[in-house]
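Take a look at the structure set out below.
The values are calculated or read from the model by the stated rules, or taken from the named source; none is laboratory data. Only a predicted model underlies this, so the values are computations on that prediction, with no experimental measurement involved. All Cβ positions, glycine included, derive from the backbone under ideal geometry; neighbour counts span all protein chains shown.
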Amino acid sequence: MRLSFKIAARFLKFNLAQTFLIVTGIAIGVSVQVFIGLLIQGLQQDLVNTTIGNSPQITISATKEAAVIENWEEAIDEIKENEPGLSAISAAADGPAFLLKDDRSDPVIVRGWIFEDAEGIYSIEEKLVEGRLPKEGEVIAGLNLKDELGLSLNEEMKLATASGRIEEYRISGFYDFRVSSINSSWVITDIKTAQGLFDYGDEVTSIEMQVQDVFAADIIADSINNRIDNEDLIIDNWKAQNQELLSGLNGQSISSIMIQVFVMISVVLGISSVLAITVMQKSKEIGILKAMGIRDGDASRIFLLQGLILGVFGAMLGVALGLGLSVAFTTFALNPDGTPVIAFYINYGFIALSGGIAILASLVASFIPARKSLKLNPIEVIRNG
Amino acid sequence: MADIIKLEKVSKIYGDKIKTQVLFDLDLAFERGSFNSIIGASGSGKSTLLNIIGTLDKPTAGKVLIGDRDVSILAKKQLADLRNSTLGFIFQFHYLLPEFTALENVLMPHRIKGGGVDKSTFKKAEELMDMVGLSKVKNNPANNMSGGQQQRTAIARALMNNPEIILADEPTGNLDSDSTENIYKNLREINERSETTFVIITHDRRIAEKADRIVEIKDGKIEMDVSR
């Protein structure tokens, strides 16, 4: 083994320019693999964050007949205890209402939250553009609603429910969710205020959750469904509600895998063809070594080790290049506001995998020349000079 | 003395469709510790004969025995080990590994044998280099030496594992007459000191005449076989 390694290393060192060329070839393959992989992963994460990052990914709501969730606090405790995959959970008391202003009456959705819990899902404090979060008897409205109706801070907002009740609340602030349908329809308030407005008593209408792995939302939702097993409740998850987004993300993943597979195939073909040529180049040396009594296994191991050495150096250089490309991309490809077009998420597992696959591919590629060297008969070399 | 190399009815035919017979039913044996030369015109089959003795080539028919062992029944690994420890080759063209220095080339058979290179091994390699007059260039890359130097390095390499048999094909073919004289003196010394058997192909009658025995091959048959 040591001798094979020594000879392999010496062969590579002897043809340094050629070795450098092969290593560069592998490195370019790996760097493309790393760069494209990280780019697409970053893109996906960005997309997921912007679309579902600030909204509940699993929602438990009451059926129309039940209207409210009873014993919701116990349900939350039970879910918290048994579902480790959750990152946030929050109850909400929601209901439809009309906002009465001058002669107009606009339909709105009143959402009553416990702000400490809701913050984990909606990051509402970040979204607040004016004023402060509402206390009991206060509300906040979206920017679109504010502009449409000419609302102003500390003004009283008149809300009418379907049951005919009309209440007035002070506007303590305005938010911007950057989604106009939300900005023009949600009136957010404290949970107690909403419960009072809609006569819910102490009950709520929905429990909203975020999960750590967004793509596992459906599995967690199923598990919660089995645990609660209550026909009065509907459990939904973002994957079921956003089939189009999901198929888009899947499409991206598949195209990314396709690109990576083809890059790898070209790397393998490149390495094996070049290594096959090196056997031809080194057939004289192998013949001499065989005449001196080197065993066939040791002779073919020379080529496997060459493949391994090339793979390791190619992978290291490729990972460095790929990371460099990614850093350059985030540094130079910027939005007008200075943020990167696509934020990169450095996924060490993926990088290690790309490098590992390249090393494995080099090793596999070197099997062909290794096999060829087994068949090499020293007499051919000696007879032909 | 006992025969260390024995050929029984060895024939060699090259080619499948157009068959060329190079050796015809040769019966030949070499005694242990003898110094033999094989002469013959080019194309007479003498190199083929040497390659068959050296287990690099296989006879089409007949048997080759090296030290009582029939080489045709040896496994590939055993053949490799036989070439490494029992046989030493000196080829017509030096055949060094250009990736290694002269001294590393000399040490190669020892490394292939699986031995680590300790001080005594190193010293032995240096002595061999000294013997062939190359102590000054021993650390040169193999391809950075003259043809004669490379050939002498190949001779040192063949001697490294103290083989029982040295097979040489025109070992001094491209050396000047002084060097040739010197090398043969050395080989003869080794032959007398360690009872190494030598089978040397040469076209140089003067050299051949210094051997204990001259075998002349003509058209694949033994034309003449004289011992002194």
Worksheet item: Just for helices (runs of 4 or more DSSP H) wholly inside the stretch A:277-385: which have at least 2 residues that are touching a residue at least 60 places away in the same chain (Cβ under 8 Å), within 21 Å of A:LEU21 (Cβ to Cβ) and within 14 Å of chain B (Cβ to nearest Cβ)?
Response: A:283-291, A:296-332
Discussion item. Just to verify a result, which residue in the stretch B:69-85, among those that are surrounded by 18 or more Cβ atoms within 10 Å (Cβ to Cβ) and more than 8 Å from every other protein chain (Cβ to nearest Cβ), is farthest from A:ILE288 (Cα to Cα)?
Written reply: B:VAL71
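This table checks each residue for (1) in a loop (DSSP other than H, G, I, E, B); (2) modelled with pLDDT of 90 or more; (3) buried (at least 16 other Cβ atoms within 10 Å of the Cβ).
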position	(1), (2), (3)
A:THR51	no, no, yes
A:PRO56	yes, no, yes
A:LYS64	yes, no, no
A:ALA97	no, yes, yes
A:VAL139	no, yes, yes
A:LYS146	no, yes, yes
Item to complete: Out of B:ASP178, B:ASP169, report the one residue that is buried (at least 17 other Cβ atoms within 10 Å of the Cβ), at pLDDT below 90 and within 25 Å of B:ILE207 (Cβ to Cβ).
Response: B:ASP169
Discussion item. For the structure I just gave you, tell me whether A:ILE379 is of a type in the set (Val, Ile, Thr), closer than 29 Å to B:PRO98 by Cβ and buried (at least 24 other Cβ atoms within 10 Å of the Cβ).
Written reply: no
Response to the item:
Quick count over the stretch B:99-117, residues being more than 7 Å from chain A (Cβ to nearest Cβ), modelled with pLDDT of 90 or more and either surrounded by fewer than 19 Cβ atoms within 10 Å (Cβ to Cβ) or touching an Asp or Glu at 6+ places or on another chain (Cβ under 8 Å) (or both), is 1
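Determine whether the stretch A:78-95 contains at least one residue that is farther than 29 Å from A:LEU233 by Cβ and modelled with pLDDT of 90 or more.
Among the residues of the stretch A:78-95, not one is farther than 29 Å from A:LEU233 by Cβ and modelled with pLDDT of 90 or more, which makes the answer no.
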Item to complete: Could you tell me whether any residue of the stretch B:168-175 is in contact (Cβ under 8 Å) with a residue 40 or more places away in the chain, of a type outside the set (Lys, Arg) and at positive phi?
Response: yes
Worksheet item: Name the pairs whose Cβ atoms lie under 7 Å apart, with the first residue in the stretch A:161-173 and more than 15 Å from A:ILE109 (Cα to Cα) and part of a loop (DSSP other than H, G, I, E, B), the second modelled with pLDDT under 90 and of a type outside the set (Phe, Trp, Tyr), and 6 or more positions between them or separate chains?
Response: none
Practice prompt. Name, by its number, the condition in (1) at pLDDT 90 or above; (2) of a type in the set (Ser, Thr, Tyr); (3) assigned to a loop (DSSP other than H, G, I, E, B) that does not hold for B:SER42.
Written response: (1)
Item to complete: Being closer than 17 Å to B:LYS221 by Cα and within 12 Å of chain A (Cβ to nearest Cβ) is the filter here, so list the residues in the stretch B:26-58 that pass it.
Response: B:SER47, B:THR48, B:LEU50, B:ASN51, B:ILE52
Discussion item. Being surrounded by 14 or more Cβ atoms within 10 Å (Cβ to Cβ) and within 14 Å of another protein chain (Cβ to nearest Cβ) is the requirement here; does A:LYS239 meet it?
Written reply: no
